[in-house]
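Have a look at the structure below before the remarks.
The values are calculated or read from the model by the stated rules, or taken from the named source; none is laboratory data. None of these values were measured; they are calculated from a predicted model. Neighbour counts run over all protein chains shown; Cβ positions are idealised from the backbone, glycine included. The area values use the complete protein model at the heavy-atom level, side chains included, leaving out ligands, DNA and RNA. Shrake-Rupley method; radii C 1.70, N 1.55, O 1.52, S 1.80 Å.
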Amino acid sequence: MAHISAGVGCSHIPAIGAALDHGKAAEPYWAPVFNGFAPTRSWIADEKPDVIILVYNDHASAFSLDVIPTFAIGCAASFNPADEGWGPRQVPAVQGHPGLAWHLAEQLILDEFDMTIVNKMDVDHGLTVPLSLMFGAVPAWPCPVIPLAVNVIQYPPPTGNRCFDLGKAIGRAVASYPENLKVMVFGTGGLSHQLQGPRAGLINRLWDTAFLDRLSHDPAGLAAIPHIDYLREAGSEGIEMVMWLIMRGALNEHVEETYRFYHVPASSTAVGHIVLVNR
Ligand code: DHB
Ligand code: FE
């Protein structure tokens, strides 16, 4: 049977992708960011997941105000990098895993989560930047990736609790897939950041640290945090952090935090990263 071995939380700041793509990774501003992910790059190279379920949000690249799915699952065989205004990132196309993706869609919908099934979709920095951080500049991504897009752009986004519950349902669905696959779940976005308005540039290290601390041992407590607290404490874009609760929900009750990295700032955002291994 398929099983989930670990979860990865990771910011998806677009400037990180641009720095990598334009040869700036070794510059003093960026080197600490990329160095912070080096232990995970070697860990994941050893772990060799068969499939990654990558929870992210589309930033008006594939979707627009015309269509706003709360939860969308990519069931296609491949997904191209999106053109976000400067041409698509020159990174490999993402190979999907239609077998597991359709199984997830079926199980989740029958489990009463109303997933939108997506058979054609370009993927933006929300998905490609975490892949770059984990795998570097490679000619092909090392394993198939199932995109799971969450609306955190247009109010109302799903609650943290709904995200946590969806993660649990993903855990059950993966466990019922007959093929022997090692699956990892990535939760991306955050941490605290506000890109607009008078509070642009807001970063809240205390809030972020508490969130990371509680992710392993108190996810149900985190899941109870209301939207307004994310807005006040983590900034208008901090709501992206609810996606980490999908990742956490997919893991076992007992997880081991094997790695953490926190750095401010990159762009105007707090970079957060955590590795949680199922026990
Ligand atoms: C930034 C961060 C994001 O998560 C995002 O989606 C867009 C921009 C930023 O820090 O610039
Ligand atoms: Fe984002």
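Laid out as a table, the results:
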read-out: In region 1-53, residue nearest to ligand 2 (Cβ to nearest atom) [restricted to those that are in a strand (DSSP E or B) and touching a Pro at 6+ places or on another chain (Cβ under 6 Å)]; value: 10
read-out: Region 2-53, residues that are closer than 14 Å to residue 275 by Cβ and of a type in the set (Asp, Glu); value: 46, 47
read-out: Complete set of residues in region 166-176 that are farther than 14 Å from residue 73 by Cβ and either part of a loop (DSSP other than H, G, I, E, B) or touching a strand residue (DSSP E or B) at 6+ places or on another chain (Cβ under 8 Å) (or both); value: 171, 175, 176
read-out: Which listed residue, of 103, 125, 97, is open to solvent by 10 Å² or more (accessible area, probe 1.4 Å), modelled with pLDDT of 95 or more and under 25 Å from residue 272 (Cα atoms); value: 125
read-out: Tabulated pairs, region 176-195, first at pLDDT 95 or above, second among the basic types (Lys, Arg) and open to solvent by less than 10 Å² (accessible area, probe 1.4 Å), C-beta under 9 angstrom, 6+ apart or interchain; value: 185/248; 187/248
read-out: Residue among 2, 26, 45, 15 that alone is more than 16 Å from ligand 1 (Cβ to nearest atom) and either in contact with a strand residue (DSSP E or B) (Cβ under 8 Å, 6 or more places away or on another chain) or under 30 Å from residue 156 (Cβ atoms) (or both); value: 2
read-out: Exclusive hit being among the polar types (S, T, N, Q), open to solvent by 10 Å² or more (accessible area, probe 1.4 Å) and more than 16 Å from ligand 1 (Cβ to nearest atom), set 78, 64; value: 78
read-out: Residue satisfying condition, being within 13 Å of ligand 1 (Cβ to nearest atom) and either in contact with a Pro (Cβ under 8 Å, 6 or more places away or on another chain) or over 23 Å from residue 134 (Cα atoms) (or both), within set 206, 202, 222; value: 202
